[in-house]
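Colleague: Below: one structure in structure tokens.
Where a number appears in this text, it was derived from the coordinates with a stated rule and is not lab data. Everything numeric in this text was worked out from a predicted model, so none of it was measured. Positions of Cβ are backbone-derived with ideal geometry, glycine not excepted, and every protein chain shown enters the neighbour counts.
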Amino acid sequence: MASRTIEPPLIVIVGPTASGKTSLSIKLAKKFNGEIISADSRAIYKGMDIGTAKPSINEQDGVPHWGIDIVAPDDTFTVADFKHYANEKISEIRARGKVPFIVGGTGLYIDAVIFDYEFKPKADVEIRKELQHKDITELLEICQSGDIELPENSKNKRYLIRAIEGGGVNRRRLQELIPNTIIVGITTEREVLRKRIVHRAEHIFDDGVVDEAKKLGEKYGWDNEAMTSNIYPLVRFYLDGHMNMNEVKEKFITLDYRLAKRQMTWLRRNKFIKWFDLSDAGDYLSNLLASLG
């Protein structure tokens, strides 16, 4: 009797920014013949390398990475687009006999894949007009009821409308994970996480994020939506003389820490995540993957 080929599992590693999940996933993927799909709504943009803390070619250590540099900053890329992209890559990786890893902190990106979300059609002109007549509170309620991840600037009406247009999902979704999926979350003590964020901030500035932001701002415009989140608006304030470098660094650390807390709030809702500290997560997944042969 012919033996049945067992399909490699989908390994999902989640956690807040600067939790160490990227380095862990690279180590595991290298050891167990895997490829990584980044689930980071900021890393999708070409040219935004330093400010989004993408793993460099050296840091990738020969492990194929997907979900990075997909679109230009002035292109549209929705959660629905990510789900389609990720599913294609999962199939391709498995077809090569390798283990697919999804790694990131953008909760809605991850949930769209592992719970097989169904998405509403893109908003038309009439729907956009209707949304524009609503106030911030009403738009926030739509996001909450529709399971839509808030933009980083959730007090900006235009960003909220775009989030609703691009990320609206039907209530139809799986109540269980898609088959053959293992999901692990990285927990980090508050002070340790803050130290990691501070260290990464220093690294980002040492690597030349100011020059990167200046080039991007000149090419795409500072008001481009991709340029209005993360470190880039702070660099703009610095270049315009409204903040000094120390102020920019401190503000960035504060914003990144707030982002980490928002990410954890989203991820904690998922009852299927097995939570470990970084070391124990590595041991758990190593043992599991080794047992699968």
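Colleague: Let me have the relative contact order for the chain, percent, based on Cα pairs under 8 Å that are six or more residues apart.
Modeller: Working: 413 pairs, mean separation 79.0, N = 293.
Over the chain, the number comes to 27 percent.
Colleague: Over the chain, what lengths in whole Å, largest first, do the semi-axes of the equivalent ellipsoid take, defined as the square roots of 5 times the eigenvalues of the alpha-carbon gyration tensor?
Modeller: Rounded to whole Å, the semi-axes are 31, 25, 18.
Colleague: With each run of n ≥ 4 DSSP H residues scored as -39500 (n - 2.57), what mean residue ellipticity at 222 nm is computed for the chain after dividing by its residue count and rounding to the nearest 500 deg cm²/dmol?
Modeller: Mean residue ellipticity at 222 nm (helix-derived): -15000 deg cm²/dmol.
Colleague: In what sequence do Met48, Met227, Met243 fall when counting other Cβ within 10 Å, fewest first?
Modeller: In increasing order of surrounding Cβ atoms, one gets Met243, Met227, Met48.
Colleague: Just from the alpha-carbon atoms, what are the Rg and Dmax of the range 163-279 in angstroms?
Modeller: For the range 163-279, the Cα-based Rg and Dmax read 18.2, 53 Å.
Colleague: Sorted from fewest to most neighbouring beta carbons within 10 Å, what does the list Trp222, Trp66 look like?
Modeller: Trp222, Trp66
Colleague: May I ask you to derive the relative contact order of the range 4-133, considering only C-alpha pairs under 8 Å and at least 6 residues apart, and to give it as an integer percent?
Modeller: Normalised by residue count, the contact order of the range 4-133 is 37 percent.
Colleague: I've got another one for you. Kindly put Leu139, Leu288, Leu131 in sequence by how many other C-beta atoms sit within 10 Å of each C-beta, fewest to most. Walk me through the intermediate numbers first.
Modeller: On the way: Leu139 22, Leu288 14, Leu131 18.
The order, fewest Cβ neighbours first, is Leu288, Leu131, Leu139.
Colleague: Measuring from label point to label point, each 7 Å out along Cα→Cβ, what is the Thr76 to Lys134 span in nm?
Modeller: 1.7
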